[in-house]
Amino acid sequence: MSSKNIYDKRFTLIKKAIACELVERVPVIYMGTAFSPRFTGLSIAEFCSDPEKAVQSQLETLKKIGGFDGCQTIGRPPLASLSAIWLSRVKIPGKDLPADSLWQVEEDEILTESDYRLIIEKGWKHFFQEYLPRVIDIQEYREAVDWSANNGPRIRRLYQEHGYVVLCDTDLNATIPFESLCGGRSFQKFIIDLFRMPDLVQEAMDIIMEESLEVISRTSPASSELIGCSWIGGWRSASALLSPKIWNRFVWPYIVRYVNALVDKGYTPVLHWDQDWTRDLERLKELPPKKVVLNPDGMTDVRKFREIVGDNMALLGDVPSSIFAAGTPEDIYGYVHDLVRDVGTTGLLLCPGCDAPINTRPENMQAFADSARDYGKVS
């Protein structure tokens, strides 16, 4: 079978799984950003500094392990986007850290109380442009943005030529205002702000949200040639970290607006949710059915998710990083077997929860790909 035929078959399979339609087998999706360079012998510093080598490292990993239908994202480390999304500095291997260590987001108070008013007065775009030099070298940021703009279509074609489907193939990956402001302020300071000056914080959030939605409104509708998934990241805004009163005011309304704006344009929001969101899974029923994907990291109760939401939302996951790093192939097989048994094969895309860690054991990644194929068959 030609690589194009393989790609087309995998593309259709993944589309059906996302739409919660019946499939002949469950798709197997790769996610191992830092595992790929470790597995292929590329230093993390080189992986971070050379996007072409980073992409080749992931493609080599997919080929050597075998059994994957696609990957969540292309293999480039998201260093510039982490600074932009979390308004935070990122320590880079080979520059701020040893060459073969993992990049690190700094927890520091960089955004100030007065910045809330500046966001309101100047608007988000104008403020963001002035703020960014606090957390990243502007030349490095522009080079990263330019590389993505100039090479994104070519890289996606490269994956296609190798038969692999890229799920998050848009430039709309983002997060809600809570996450950005929390990253810039630091978690402790931001939570205090929510109690001391809630109206001011919400006013700034609303400015950010309106401008973000305006960007989506100007974006072309999703192409039928793309999967069209777009991350909506959630980390510190998780249910387990916030009271219902805070969560219902500063988190959920913004998620709903983001989701609806993306769906209206034909894109598929992927709720990339780390931490535990189990308490509020009932709220997922408020989102457009069969148009959204939940992508947890092993902490949210996916069995309760399936019980509550049924086949109205696909699940992308959910083998925890701890098993990839510290488990055995037998542990992987057991987890995948039980996951498929408990959540069913409809609306399921098997994938590492969040991201397989840098210290994933190669035999465990191989076991994941093999077990997903073994247990993902639909009788």
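The values are calculated or read from the model by the stated rules, or taken from the named source; none is laboratory data. No experiment lies behind these values; they were computed from the predicted model shown. For neighbour counting, all protein chains shown are included, and Cβ atoms are generated from backbone atoms with ideal geometry for every residue, glycine included.
Does Ser3 satisfy the criteria of being among the small types (Gly, Ala, Ser), closer than 26 Å to Gly347 by Cα and surrounded by fewer than 21 Cβ atoms within 10 Å (Cβ to Cβ)? Spelling it out, Ser3 is indeed among the small types (Gly, Ala, Ser), closer than 26 Å to Gly347 by Cα and surrounded by fewer than 21 Cβ atoms within 10 Å (Cβ to Cβ).
Leu242 fulfils the conditions (1) more than 24 Å from Cys20 (Cβ to Cβ); (2) modelled with pLDDT under 95; (3) of a type in the set (A, V, I, L, M, F, W, C) except for a single criterion, (2).
Considering the stretch 19-58, the residues that are in contact with a Cys (Cβ under 9 Å, 6 or more places away or on another chain) and in contact (Cβ under 8 Å) with a residue 60 or more places away in the chain include one that is farthest from Gln366 (Cα to Cα), namely Pro27. Among the residues making up the stretch 299-320, those that are over 16 Å from Val28 (Cα atoms) and surrounded by 20 or more Cβ atoms within 10 Å (Cβ to Cβ) are Thr300, Val302, Phe305, Arg306, Val309, Met313.
For the stretch 240-266, give me each residue that is within 25 Å of Trp277 (Cβ to Cβ) and either polar (S, T, N, Q) or not in a helix (DSSP H, G or I) (or both). If the condition is that a residue be within 25 Å of Trp277 (Cβ to Cβ) and either polar (S, T, N, Q) or not in a helix (DSSP H, G or I) (or both), then Leu242, Ser243, Asn248, Val251, Asn260, Lys265 are the ones that fit.
The rows are residues; the columns are (1) closer than 21 Å to Cys229 by Cα; (2) out of contact with any His (no Cβ under 8 Å at 6 or more places or on another chain); (3) polar (S, T, N, Q).
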{"position": "Asp301", "(1), (2), (3)": "no, yes, no"}
{"position": "Val319", "(1), (2), (3)": "yes, yes, no"}
{"position": "Ser322", "(1), (2), (3)": "no, yes, yes"}
{"position": "Thr328", "(1), (2), (3)": "no, yes, yes"}
{"position": "Ile332", "(1), (2), (3)": "no, yes, no"}
{"position": "Leu348", "(1), (2), (3)": "yes, yes, no"}
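Would you say Ser237 is outside any helix (DSSP H, G or I), out of contact with any Cys (no Cβ under 7 Å at 6 or more places or on another chain) and more than 30 Å from Tyr164 (Cα to Cα)? Yes; evaluated as a whole, the condition is true for this residue. Given (1) assigned to a helix (DSSP H, G or I); (2) of a type in the set (Lys, Arg); (3) surrounded by 23 or more Cβ atoms within 10 Å (Cβ to Cβ), identify the lone condition not met by Arg76. It is condition (1) that Arg76 fails. Here Gly347 fulfils each of the conditions (1) at positive phi; (2) surrounded by fewer than 24 Cβ atoms within 10 Å (Cβ to Cβ); (3) within 20 Å of the chain's Cα centre (by Cα); (4) small (Gly, Ala, Ser) apart from (2). Is at least one residue of the stretch 219-237 over 19 Å from Gly183 (Cα atoms) and of a type in the set (D, E, K, R)? Yes, some residue in the stretch 219-237 is over 19 Å from Gly183 (Cα atoms) and of a type in the set (D, E, K, R). Of all residue pairs spaced 6 or more apart or on separate chains, those with beta-carbon atoms under 8 Å, a first member in the stretch 257-268 that is on the phi > 0 side of the Ramachandran plot and a second member that is crowded, with 18+ Cβ neighbours inside 10 Å are Gly266/Ala222; Gly266/Gly228.
In this structure, Val28 does not qualify as in contact with a strand residue (DSSP E or B) (Cβ under 9 Å, 6 or more places away or on another chain) and either closer than 20 Å to Trp147 by Cα or surrounded by fewer than 21 Cβ atoms within 10 Å (Cβ to Cβ) (or both).
Every listed requirement among (1) under 25 Å from His337 (Cβ atoms); (2) among the β-branched types (Val, Ile, Thr); (3) under 18 Å from the mean Cα position of the chain (by Cα) is met by Val309 save one, (3). One residue stands out among those in the stretch 344-359 that are assigned to a loop (DSSP other than H, G, I, E, B) and among the aliphatic types (A, V, I, L, M): the one that is farthest from Pro37 (Cα to Cα), which is Ala356.
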